[in-house]
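> Attaching a single structure in structure tokens format; questions to follow.
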Amino acid sequence: MEDVRDEGPSPRGDGMTLGEAWMRAVAEPEVAAAIEAVYVMVADQVAARGPACWASGRCCNFAAAGHRLYVTGLEAAYATSRLGRTVSLGQVEAARARGDCPFLEGTLCGAHGVKPLGCRVYFCDRTAEAWQRELTERGLAMLREVHERFGIEYRYGEWRGMLEGVVGAEGRH
């Protein structure tokens, strides 16, 4: 599991942590637009397939569902920077202790508009299983290309660990 919470400065030699570098990158309009283009492609593909979402919150309760959510560094930074409210390390740590997502509000996603690729593709609807993996892999390849195109270090890690890396970076500015 990739975890950026305790990492020191980025190997880029600029003194920034990875979280800080990702937060700075998503503030750039070109980087944000590239991430959003991936999300639009995914939304179009999901809409064409029409899976059911029952708004049960099961997908966000990782411990109960028996899965983990993995994201890229840019996705974690994009979500926190566009959320419209502050997320604290304490909130992320509490979610980790509960085994769920820090944005789970009752049975609904409190970060629906800025959620990462894994959330956009995962559905409890069993009819979605056949195409979820291929779409996830395609989206991840596109996100990796965004990292590479803009010279941003790529990391792929567990959602809450990646959030801790970028939320901690927000607090240092």
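> Ranked from highest to lowest mean number of other Cβ atoms within 10 Å per residue, what is the order of the peptides 157-166, 94-103? Let's see the in-between values first.
Details: 157-166: 25.4, 94-103: 18.0.
Taking the mean over residues of other Cβ atoms within 10 Å, the ranking is 157-166, 94-103.
> For region 36-44, take each phi angle, set θ = phi - 60°, evaluate the Karplus expression 6.51 cos²θ - 1.76 cosθ + 1.60, and give the result in whole Hz per residue in order, putting x for glycine and proline.
Once rounded to whole Hz, the list reads 4, 5, 5, 5, 5, 4, 5, 4, 4.
> Also: Got a sec? Which residues in region 14-46 would a label at residue 134 touch, if it sits 7 Å along Cα→Cβ and we count backbone N under 20 Å?
38-46
Read-outs: derived from the displayed coordinates by stated rules, not from any lab. Since this is a predicted model, take the numbers as computed values, not measurements. Glycine gets a Cβ as well: all are built from the backbone with ideal geometry, and neighbour counts include every protein chain shown.
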